[in-house]
Every structure is written in C-alpha cells, then in structure tokens.
Amino acid sequence: MGTQLSSVDIAVIGAGPAGLTAASAVVERDPLASVLVLETASRPGGHAVTTVADGYTFEHGPASIRSLTPEVLAMLERVGLGDRIEEAAASGANAAVWRRGRLHPVPTGLVSAATTGMLSARGKARILAEPVLGRKGPGADETVDEFVRRRFGREAARVLVGAIVQGITGGDARSTGLEAFAPGLWQLDQVAGSGSLAITALRQRRAQRRAAEPAQRVAPAQPVQPVQPVQPVQPVQPAQPARSGPITVRRGGLNAMIDALAAYLGHRLVRGFDACSVTPISTDPAGCRFEITDGTGRRVRTRTVVLAVPARVAARLLASKAPQLAAVLDTIGYTDMRVLGLGYPTKAFRTAPPSFGFLSPPGEGLDIMGVSVSSGVFEGQAPPGRTLLRVFAGGAFSPGMVDASTEAALARAARDLRRVLTVSARPEFVRDVVLRQAIPQYGRRHAETVRQLDRLLLELPGLRLTGNSYRGVGLKDTISEAERLGRSLAGAGRQARPGPAGGEDHHARHQ
C-alpha cells in the first residue's frame with residue numbers, strides 16, 4: 001500500500017493485444033528502455049481468450065487475425081510463434097448470407113452480386129447501373145448505408161452491406177461511418193467523384209498492374225499513353241500483406257499469442273494494477289511527465305503513457321486532469337455480444353454448412369446474427385469427425401440475446417440452427433460467453449473524432465492512445481498500429497540510468 005514504483009520511460013496501461021504488442025516492440029528495439037505494462041486483471045489479453053477442451057479450440061472473443069501484415073508477422077516472429085502460424089483452410093472456402101429463407105453464397109465481385117439469388121431483379125439491376133446512377137457523395141460524415149445506397153441502391157445496402165457490418169462490429173450500417181469503417185473504400189469514392197466507383201477501381205487495378213510489370217520491354221515506335229484515371233491514382237490500400245486470409249496460432253489459438261507476448265515481457269508485465277487516474281505533472285528530475293495511480297495508492301511516474309484500453313476506460317483515467325480529451329473519448333460507444341461455442345458430430349448436419357459460416361441481415365427473422373464454422377476456417381479447431389460453430393448474437397439488433405439466460409440463449413440459437421443449418425442434435429461441446437462493451441462502434445463522425453483526439457493529444461506530449469477504439473476494430477489493425485507505435489517510441493527520450501554494472505533493476509524490485 002502506498003509504495004511508489006520507480007520512474008520508467010514508458011508505462012503502458014492495458015495488457016490486451018495492443019498494449020502487449022506495443023510494449024514488446026519497444027523492448028525488442030531498445031532493450032535498455034524501462035517499460036511497464038500495467039494490467040488490472042490477473043491474466044492479460046482482454047477479450048482474447050481461448051478455451052481448449054475435449055479436442056475443441058474455442059475463441060471467446062476475436063477468432064483470428066484477418067491477414068498477416070508485415071507488422072503482425074514481425075510480432076509473431078519476435079515472440080517465437082513464426083513457425084506456428086496457421087492459415088485458413090483454402091479448399092472449399094465459402095461463406096453465405098441467410099436471405100428469404102435460404103442460404104446464398106456471398107458475392108465476390110460485381111458480376112456475382114448482379115446475379116445472386118439473394119437480391120431481387122430490381123436490386124441487381126441497380127447494382128449494374130452504378131456507372132450511370134452512382135453519384136458523388138458529401139465527402140465526410142456519410143454512413144456505410146448511405147454510401148452503398150448512393151452507389152448501388154437500397155437493397156444492396158440493407159442485405160449485403162447490412163449483414164457485413166453487423167457481422168464485423170455487431171452494429172448498424174445506418175449509423176456506421178464509412179470513412180472510419182472502410183477508409184480505403186472512402187478514399188476510392190473521393191477519387192471517383194461524380195464518375196463510376198466500379199470503373200475507377202478497375203482503372204486503378206490496371207494502373208497498379210502496369211506499374212508492377214518488369215521494366216525490360218521493347219520500346220514501341222510511338223510512346224503509348226496509359227489510360228488516365230479520373231484523378232491521379234492514389235493507392236487505396238496499404239502495401240500487400242505477407243499473406244492474405246485469416247490466420248491463427250496452431251496449438252493454442254490466440255491464447256498462445258497472448259501467453260507468448262506475456263512471457264516475452266516477463267517482469268515488465270504487472271498484473272493487478274487497477275489504474276484509477278493519469279495525471280500530467282511538472283517534469284520531475286527524471287524527466288517524467290505523468291503520474292499513474294491505482295486504487296491502493298501505488299504510483300508510477302513515466303515520461304510516456306500509452307493508454308491501450310477501451311476509449312471509455314481512457315476517458316475515466318483522464319477525466320479529472322484532461323476533461324476535454326476525456327469528453328471526446330466518451331463519445332465512442334460500444335455494443336454487447338454473446339458468443340456460443342457449439343460442437344457437434346459432423347454427421348449431425350443433414351447438409352454440410354458453408355465452410356466459413358453465414359451472416360443474417362437484420363430483419364430476416366433470426367435471433368442470431370450469424371455463425372462462424374471454426375473447424376471449417378481452421379481444420380484443427382475440432383476433433384476429427386466433429387464440427388465447431390461459433391454463434392454470434394446481441395449487438396445492435398438483438399440486445400435481448402445478451403441478457404437472456406444460458407438456457408434461453410441456447411434454445412433460441414438451436415431453433416435458428418435447425419432452420420438454417422439443418423442440425424437438430426444436441427451439441428456435445430457447449431460454451432457460453434457474454435462480452436459486455438465488446439466492440440467499439442464507429443459512428444457517423446468517428447473519423448473526425450479520431451482527428452480531434454489527435455489534435456488534443458498535441459497538448460499532452462508523451463500521451464498516446466492505441467487499441468481498437470480508434471482505427472480498426474479487428475486484430476489485424478489493432479496489432480499493426482500498436483507495432484508501429486512501439487517502434488516509434490523505442491529509444492525516444494530514454495532516461496539516463498546506471499548500466500547493468502550498477503546492479504539497478506527497478507522492475508524486479510517491485511515484483
């Protein structure tokens with residue numbers, strides 16, 4: 001009680017994937033930096049929890065990393081998991097949308113979207129008419145639903161994109177900001193302007209392919225002018241990842257990643273530190289700018305604070321000393337989710353489920369939002385001859401499923417699974433997880449909110465924000481951003497202190 005930890009270069013509050021990644025990147029690049037990761041709970045990882053039992057591997061929260069960016073790969077290799085990366089099964093990969101009482105394959109392009117059975121003839125005609133009827137948008141504060149309606153029509157917005165947004169965030173496309181949710185698509189729309197989005201995308205791909213072609217060509221008699229896009233081509237997406245498609249960690253799932261990060265950090269990870277305030281201070285002799293206090297009176301002084309916690313938690317920590325920043329953070333909302341893990345003998349399904357599962361648009365008569373077939377995505381997540389489902393419920397459209405008892409939730413899910421996946425057997429493996437305040441909701445003005453946070457942070461040098469509350473709700477974006485942040489902080493303004501010969505190890509003294 002009341003013990004003050006020694007001053008450190010960097011204090012990271014929150015030991016979820018973002019905080020652990022950022023801290024490990026600092027340590028790798030600057031082993032002499034003093035870094036502490038302060039975590040309230042007894043175990044790190046946040047919602048990234050894995051149950052391995054009876055041959056099943058069930059992910060409670062995030063199920064995978066959407067693609068293997070260079071930053072994600074660097075983190076996994078740093079903690080010794082480079083040889084345990086498991087890629088999604090490529091054979092027969094498919095996903096579906098529940099619409100009008102049956103499953104339809106998810107369209108993979110404009111042509112398949114225009115021929116799918118999940119849309120009416122009028123809805124498909126409207127998609128094909130985008131080059132003629134698509135029009136320029138407002139440029140800012142547009143929702144995903146408004147964007148798709150403007151470009152491709154009302155039905156495509158509700159059925160296709162409504163299901164996708166709900167499946168990713170648990171939220172409503174009608175209140176999800178396009179620029180924040182899909183920045184690449186927003187940028188493409190800005191380039192297209194009054195022209196066709198589809199044609200602009202084709203021109204960009206053509207220009208990118210030409211730029212990637214070998215330079216050793218026979219010069220033509222006359223210079224050939226390439227087809228010019230509507231505006232100068234700007235790459236919509238960042239550099240291609242090392243590998244695309246979902247990945248996880250073999251033998252242990254995402255828990256193995258969290259455990260490896262925690263082991264890498266070792267004594268730098270402090271559990272049971274329930275931070276209650278972050279206070280800017282006048283720079284002390286060690287150069288510290290902030291003091292962090294927990295509920296027992298323990299204090300940490302640091303030059304740099306990384307708040308790797310949900311925005312609502314960051315707002316609470318900053319409320320007394322940075323009220324304007326806290327007020328903006330408090331505008332970011334969250335939604336509750338329920339995840340059921342259900343394992344069945346594969347022969348219990350009268351017809352094989354889509355290997356990647358299905359989504360249900362709002363208004364299609366189901367209590368569940370969709371199903372991920374975990375053992376279809378990653379074959380090792382169920383025993384041979386068994387199928388593992390992750391059933392999602394709650395979110396913006398079915399909050400009652402979160403508040404229901406386990407028995408009631410299972411009964412309602414079983415009814416939907418009988419209807420959609422033709423399975424009526426009782427599951428032999430059952431797990432029920434309720435995640436409160438699970439997924440941040442990127443509202444209409446979320447992109448501007450993030451820019452406003454960036455401006456306010458300029459007034460508090462040394463304070464950083466990271467995590468899925470800001471620039472991407474998935475693990476790929478969360479880890480990639482945290483990795484870049486950690487690299488940028490490594491070696492920046494490290495305190496002068498005795499070297500190893502001095503026998504000083506302020507971390508070990510407080511473990």
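Every number here is computed from the coordinates shown, using simple stated rules; none is lab data. Source: prediction; values computed, not measured. Every residue, glycine as well, gets a Cβ built from its backbone with ideal geometry; the counts of neighbours run over all protein chains shown.
A few notes on this one:
- Cβ-based exposure ranking for Val305, Val12, Val473, in which fewest neighbours within 10 Å come first: Val473, Val305, Val12
- Shape category assigned to the range 117-156 from the gyration tensor of Cα positions, a/c cut at 1.5: oblate
- Each stretch of four or more DSSP H residues adds -39500 (n - 2.57); spread over every residue of the chain, this sum gives -9500 deg cm²/dmol at 222 nm.
- Those aspartates and glutamates that a straight Cα-Cα span of less than 17 Å connects to Lys347, excepting residues fewer than 8 apart in one chain: Glu379, Glu428
- Neighbour-count ranking [beta-carbon atoms within 10 angstrom, fewest first] of Val434, Val249: Val434, Val249
- By the rule of a C-alpha distance below 14 Å, with chain neighbours fewer than 8 residues away ignored, the aspartates and glutamates paired with Lys124 are Glu155.
- Surface/4 estimate of mean projected area, convex hull on alpha-carbon atoms of the range 276-352, nm²: 9.5
- Gain on full stretching of the segment that runs from Asp274 to Ser120 - 0.36 nm per residue minus C-alpha separation: 50.0 nm
- Viscosity 0.890 mPa s, 25 °C: Kirkwood-radius Stokes-Einstein D of the range 109-198 over Cα pairs, µm²/s: 188
- With both labels modelled 7 Å from their Cα along Cα-to-Cβ, the Arg43 to Ser6 distance reads 3.2 nm.
- Nitroxide proxy distance, nm - points 7 Å out along Cα→Cβ at Leu202 and Arg455: 4.1
- Cα pair distances exceeding 13 angstrom across the range 245-302, given as percent: 71
- Ordering 197-204, 111-118, 336-343, 310-317 by mean Cβ neighbour count within 10 Å, with the highest value first, yields 336-343, 310-317, 197-204, 111-118.
- Eligible aspartates and glutamates near Lys321 by straight Cα distance, threshold 14 Å, same-chain separation 8 or greater: Glu291, Glu459
- Each listed q (0.11, 0.12 Å⁻¹) maps to a log10 I(q)/I(0) for the chain, found by the Debye formula over equal Cα scatterers with no solvent: -1.03, -1.19.
- Rg ratio for the range 372-427: its Cα radius of gyration over 2.2 N^0.38 Å, N being its residue count, equals 1.25.
- Lys321-Glu77 FRET efficiency (beta carbon distance; Förster radius 45 Å; 0.05 resolution): 0.70
- Among Phe58, Phe349, the order by Cβ neighbours within 10 angstrom, fewest to most, reads Phe349, Phe58.
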